[in-house]
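Since every read-out is calculated from the coordinates, none of them should be taken as a lab result. What you are looking at is a predicted structure, and each value in this text was computed from that prediction instead of being measured. Here the Cβ positions follow ideal geometry from the backbone for every residue, glycine too, while neighbour counts run over all protein chains shown.
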Amino acid sequence: MKTYLPPKFLVERDQDKCIKCEVCVNQCSFDNHYYDAEDDEMKTRTEGCVGCHRCVTFCPTGALTVRRNPLEYRDNYNWRPEYIEDIIKQAETGGVLLTGMGNDKGQRIYWDHLVLNASQVTNPSIDPLREPMELTTYLGRKPDRVELDTDLNLQTELAPQVKLEVPVMFAAMSYGAVSLNVHESLARAATEAGTLWNTGEGGLHPKLYKYGNNTIVQVASGRFGVHPEYLEVARVVEIKIGQGAKPGIGGHLPGEKVSAEVSATRMIPQGTDALSPAPQHDIYSIEDLAQLVYALKEATHYTKPVSVKIAAVHNSAAIASGMVRAGADIIVLDGLRGATGAAPKVIRDNVGIPIELALASVDTRLRQEGIRNRASIVVSGGIRNSGDVAKAIALGADAVYIGTAALIALGCRLCQQCHTGKCAWGICTTDLFLSKRVNPDIGARRLANLLRGWSLELKDMLGGMGINALESLRGNRLHLRGVGLTETELKILGVKMAGE
Amino acid sequence: MKVTETIPEETIKIDASGIYYRELNARLRELAQNGARKIELHNVYGQRYIGTNLNRPVEVTIFGTPGNDLGAFMEGPRITVYGNAQDGCGNTMNDGEIIIHGHAGDVIGLSARGGKIFVRDSVGYRAGIHMKEYQDKKPILVIGGTAQDFLGEYMAGGTLVLLGLNREGHHKAKFVGTGMHGGVIYLRGNIESYQLGKEVGVAELGEADRELLARLVGEFAAHFGYNADEILKHKFIKLFPLSLRPYGRIYAH
Ligand code: SF4
Ligand code: SF4
C-alpha cells in the first residue's frame, strides 16, 4: 500500500562540505543515506528519517543537518498533524500504535510551577564549597521508635538500610530493552557515585554480578531471569507492579530482540516473544502483595529492603498505604511522564497522573496515617534536572529514579524509536553492531559526570536555603511555593502560593 | 521448639504447631545449612514459604496443610506433603521437587522455570501459568485430578500433564492454554474446542511425546501408588502453542 504519510524531517547535505566518507551511511540504522555511483554523490532518503541526529553528530565535516519538514497542513487546532498521521498509520496497518520513550503531551508539568526558597538576611546561607554539606540518604524501613540502653547503644533492631551518596538512582531498564553495554554503564556509574541502578525485569547478566552491591533487581510479572542467585547478589529487590508509561498493561519484548545473550539472561529460548502478563497472577490484593513481599524477604533472609513499584494512578495514596502495610520497605511511584522501551501510544499519553501530584498525595496520606517512616518513597517519571530533584525531595520523596535523563547522557535524542530495536545510538537495541556504540568506559563516565553535576547543584541549592543536609529539606514543603496554580492544585501539593 | 540434635543422616522431626512461619523457616534453613538431609514437619497449619530459601537438596516431609507459596523461588529441596497445599505452590521455582498427596490451590507452578511438581488430586485456577523453560531447565507439573480455568495460561515452556483420574478424563476447565507460546500440555481424555484458548492447537501424541508421558506418569504412579499402565491406556491429547509469537502482529509503528 502506498503510504500517505509525509516525511517528518528533511535531511539536508551541504555538498560542498561532504567528502563522501560514508560515515552517515554507516551511522544511520534506518538506512537513509546511500552513495549514488551514477551521480558520484551521497544522497538521502529523507522520508525514513526519525530525527535522531546520529549522522549529524558523526559527520566529520558538519555537512549534514536535519530540519522539521516544513510541509504545512491547513491550521486546525483540533486535527493537529500528529492525530492526522496516527490515523494514516492505522489505516495502513490496522494495528495498535506502538511508541517508545515517555509521554510527550502537554499535561501540566508541576515542577515548572514550583519554586524553591533561599535565605536572605534573617538566616544565613551556607557556602557548600567551604562548608560540609550532606546528601546522604538511607532507603529502607525506619523504626517507629528508637530505644537506647544506658551506654547509648542502639537496642532497636533496624530493618535493612541502603545508603546512597546522592539521592538519584538509575531507573529500571531491562536488558533486552536496552543493551548490555548500557547496563554495564549504569552499573559502573552507580558504583562510582555511591548510588543504585535497577536491572528492570529482564534479569541480570552474570558479568554484572560484581556490581551487585549497587544493584536493584526487579521481580515483575514475567519473572524473567529471577532465580536464587539473582536475588542473592542484589542490594534491593523490587517488585514491579506497574510502570508510568503503561499503567495496567503488560510488556512484550518482541522475539527479534531476544538474542542469544538476552535469552541467556532472561532464561527463555532465543527468538520467542517475552510476554510480561499485565498483572502478577499471584497478586490480586494487598494481602497477596504482602505474600510476595514476604516471599522475597524469606528468599533473601530478611537482609535486603523489598521495594514495590507502581504507576501513579488515581488512587495512588490509598494503594501506597496498602503497599506500606503489605511490608514494602521502599515504595516507588512512576508518573505519567515515565518512559518505556515500547508501549501503546494511547496508553503512554493518556493513562496515569503527574508524579508531582502523586508524590504529594502519597506523602501526605502516609503522614496522616502515621506510617510514613515505615517506607522510603522514590519517585520517577520526568525528572529532568537537579531542580526537579530538589523539588521532589521537598515534596516528600526520599530519592528519585532517572531513566530518560540517564539515556540522554548516553546519547539518546528522544527520537522515540526505542520499540523498533534500531536505536542509532546503540542504547535501546540488542543488535550487536549497534550496541557497540555505547562504550561502557565512556558511558559510565558520562553518567557519573551527570550525577556529579547534579550533586554539586543540589548542594548549592541547599546552601542557598541555609541548610546543610538533604534530610532537612526532605518533606519540608515550606521551602516550596507555587506559581500559576489553582487553589486545588496548591492544596494537593501542600504548598503555598508564591508571595504568601 | 523441640528439635532432636542434628545428626545429618537421621530424620529430624519438628512439631510445627503454633510456630510462626518466619521462625519455622529460619529453623529449617539453619538445619539445612548444618547438613540435615531429612526433615519431618508435623502439625503444619498454614505456615507459608516452606522450602523457599533452603537452596540445597534436603528432603522435607510435611504432615498437615502448608500455607501459600510452598517452595516459592525454591532451588533444590524435595518436599512431600501429606495433606493439601494452598495457593502459589512452586511459585517461580527453579529446581527441586514437590509431591502433594492431596489437592493444591490456585496458580500452582506460577512462572516455574525448573523442578517437578506432582499433585495427586485436583488444582485450582491458572495452574502452570507462565511456566517457562531454558535449555536443560524444564519445569514439570503433573496433576492427577482436574484443574480449573486458565490452565497453562501464558505458558512459555515446560510440560504440564492433566490426568483427570477423578473424572475419568472429563475436564471442565475453560480458556485452557490462553496465550500459550511455548511448552506442551498432555491431557488425558478429551476437551471441547470451546474450552481452549485460541492460541492452542490440538494434536495426537507422537513417539517422543509418548515416551516423555510414560516417564512422567510412571513417576506420578510411583509417588501415589497408582498403576501407570492403567492410566496410560486411556486416550491422551497434546495441546501445543500455535505460535511462538502469538501477539507479534497487533502492532503498528
Ligand atoms: S534517522 Fe538519524 S542517522 Fe538517519 S538520517 Fe535521520 S538523523 Fe541521520
Ligand atoms: S533510546 Fe535510542 S531509539 Fe530510544 S529515543 Fe533514545 S535515541 Fe531514540
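Taking trypsin sites (Lys or Arg not before Pro) across the range A:18-80, the ones in a DSSP loop with at most 11 further Cβ atoms lying within 10 angstrom of their Cβ are A:Arg74. Both numbers refer to the Cα atoms of the range B:30-147; Rg and Dmax are 12.8, 40 Å. Judged by the ratio a/c of the largest to the smallest principal axis of the C-alpha gyration tensor, the range A:137-497 counts as rounded, that ratio being less than 1.5. Taken residue by residue and averaged, Cβ atoms of other chains lying within 10 Å of the Cβ of A:220-231 number 5.
I'd like the orientation of helix A:316-325 relative to chain A: the angle between its Cα long axis and the longest Cα principal axis, in ° from 0 to 90, rounded to 10. With rounding to tens, the tilt is 50 degrees. The stretch between A:Asn123 and A:Arg445, if pulled fully straight at 0.36 nm per residue, gains 112.1 nm over its current Cα-Cα span. Per residue, the average separation of C-alpha pairs within less than 8 Å and at least 6 apart gives the range A:330-400 a relative contact order of 41 percent. In chain A, the DSSP-assigned H stretches of four residues or longer account for a calculated mean residue ellipticity at 222 nm of -9000 deg cm²/dmol, using -39500 (n - 2.57) per stretch and the full residue count as denominator. Take chain B and mark each of the trypsin sites (Lys or Arg not before Pro) that is in a DSSP loop with at most 12 other Cβ atoms within 10 Å; the longest unmarked stretch, sites excluded, is B:3-171.
Here is the list for the range A:25-107: GluC sites (Glu not before Pro) lying in DSSP coil, each with at most 11 other C-beta atoms within 10 angstrom of its C-beta, are A:Glu38, A:Glu72. Rounded to 0.05, the FRET efficiency of the A:Met497 and A:Ile84 pair, given R0 = 41 Å and the Cβ-Cβ distance, is 0.55. When the P(r) of the protein assembly as shown is calculated, the portion above 33 Å amounts to 56% of the C-alpha pairs. Using the alpha-carbon atoms, what tilt in degrees (0 to 90, nearest 10) does helix A:386-395 show relative to the longest principal axis of chain A? Here the helix axis deviates by roughly 40 degrees.
Our coupling estimate for the range A:164-174, obtained by passing each phi through the Karplus curve with A = 6.51, B = -1.76, C = 1.60 and θ = phi - 60°, is 10, 7, 9, x, 10, 10, 8, 6, 4, 9, 7 Hz, Gly and Pro reported as x. For the range A:108-179, the set of GluC sites (Glu not before Pro) satisfying both a DSSP loop assignment and a count of at most 13 other C-beta atoms within 10 Å is given as A:Glu147, A:Glu157. Between the helical axis of A:180-193 and the longest alpha-carbon principal axis of chain A there is an angle of about 40 degrees.
Diffusion coefficient (Stokes-Einstein, Kirkwood radius over C-alpha pairs, 37 °C, 0.692 mPa s) for the range A:23-92: 228 µm²/s, rounded to a whole number.
Fewest-first ordering of B:Tyr154, A:Tyr83, B:Tyr194, A:Tyr175 by other beta carbons within 10 Å of each residue's beta carbon gives B:Tyr194, A:Tyr83, A:Tyr175, B:Tyr154. Before anything else, pin down the relative contact order of chain A: Cα pairs under 8 Å, at least 6 apart, normalised by residue count, whole percent. Taking the mean separation of contacting Cα pairs over the length of chain A, I get 19 percent.
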